[in-house]
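Comments concern the structure below.
The values are calculated or read from the model by the stated rules, or taken from the named source; none is laboratory data. This structure is a prediction, so every number in the text was calculated from the model and none was measured. Virtual Cβ from ideal backbone geometry, glycine too; neighbours counted across all protein chains shown. All accessible areas refer to the heavy atoms of the entire protein, side chains included, with ligands and DNA or RNA removed. Shrake-Rupley method; radii C 1.70, N 1.55, O 1.52, S 1.80 Å.
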Amino acid sequence: MDAPDRKLLDQLQRNSKVSIQSLADTIGVSTASVQRRMRSLREAGVIQREVAILDPKPLGLGITAIVAIELERDRLDQIDTFKRKAREDRQVTHCYCIAGDADFVLVVMAADMADYEAFTHRFFFADKNVRKFRTSIVVSTEKATSELPI
């Protein structure tokens, strides 16, 4: 990956709707080069998806919870089951398997506290492999980005 690729990726992660011509002008390469580079970066899996980033508040998602989870056992099949459950649940927006005091950290979106409580009953209390979980409720979001430091 060369400097123009990095410049291209930096521009695309800020706004994937920018025109090919604008990207070419900003990066200092031809439009054909931008198109080839984008195709190559997509095929290589560097560009995984191009999505709309939504504001949760107008969608009725007023609660963001950061949850640390400890599992009861460290059996691979149970860890895989928990990972699969987290990947499939729409309220879980991020799932990290971590080293440290907890086994996982989840970011969970909910409409309100009642909705989050229902999530905890369904996701944690109903799972015999969850030893304990600790929730931190986000009071204000000072920075949330999907942009990588390129």
Need the full-extension length gain, V46 to K83, defined as separation in residues times 0.36 nm minus the C-alpha distance. One decimal, nm. 11.0 nm
Relative contact order for the range 13-150: what percent, with Cα pairs under 8 Å and sequence separation of 6 or more? 29 percent
Over the chain, with every protein chain in place, what whole percent of the accessible area is carbon and sulfur at 1.4 Å, could you tell me? 51 percent
Please list, ordered by chain and number, the residues whose modelled amide H lies under 5 Å from the amide H of D103; skip anything fewer than 5 residues away on the same chain. I69, E70, L71
Amide H partners (placed H, <5 Å) of I47, local residues excluded: R42
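Give me the dipole magnitude in Debye, nearest 20, for the chain about the Cα centre, with unit charges on the beta carbon: positive for Lys and Arg, negative for Asp and Glu.
Result for the chain is approximately 340 debye, rounded to the nearest 20.
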In the range 1-83, which GluC sites (Glu not before Pro) fall in coil by DSSP and have 16 or fewer other Cβ atoms within 10 Å? E50, E72
Among trypsin sites (Lys or Arg not before Pro) in the range 11-99, those in a DSSP loop whose Cβ has at most 15 other Cβ atoms within 10 Å are K17, R49, R73, R75, R90
Quick one: net charge around L71, please, counting Lys, Arg +1 and Asp, Glu -1 for every other residue with C-beta under 13 Å from its C-beta. -1
Report, in debye and to the nearest 20, how large the dipole of the range 6-81 comes out about its Cα centre when Lys and Arg carry +1 and Asp and Glu carry -1 on their Cβ. 580 debye
Counting pairs of Cα atoms in the chain, how many percent are more than 17 Å apart? 69 percent
³J(HN,Hα) computed for each position of the range 28-45 - Karplus, 6.51 cos²θ - 1.76 cosθ + 1.60, integer Hz, glycine/proline x: x, 10, 6, 5, 4, 5, 4, 4, 5, 5, 4, 4, 5, 5, 5, 4, 7, x
On alpha-carbon atoms, Rg over Rh for the range 84-150 using Kirkwood Rh? 0.98
In Hz, Karplus ³J(HN,Hα) per residue of the range 82-92 (6.51, -1.76, 1.60; θ = phi - 60°; x = Gly, Pro): 5, 4, 4, 4, 5, 4, 8, 7, 5, 6, 8
Top positive-direction residue, dipole computed over the chain with Cβ charges, set A99, M1, I150: M1
With every protein chain present, what is the per residue accessible area of the chain (1.4 Å probe, Å²)? 68 Å²
The chain, helix-only ellipticity at 222 nm - DSSP H runs n ≥ 4, -39,500 (n - 2.57), divided by all residues, nearest 500: -11000 deg cm²/dmol
State whether the range 1-52 is rounded, prolate or oblate according to the following rule on the C-alpha gyration tensor (a ≥ b ≥ c being the square roots of its eigenvalues): a/c under 1.5 gives rounded; otherwise a/b larger than b/c gives prolate, and the remaining case gives oblate. oblate
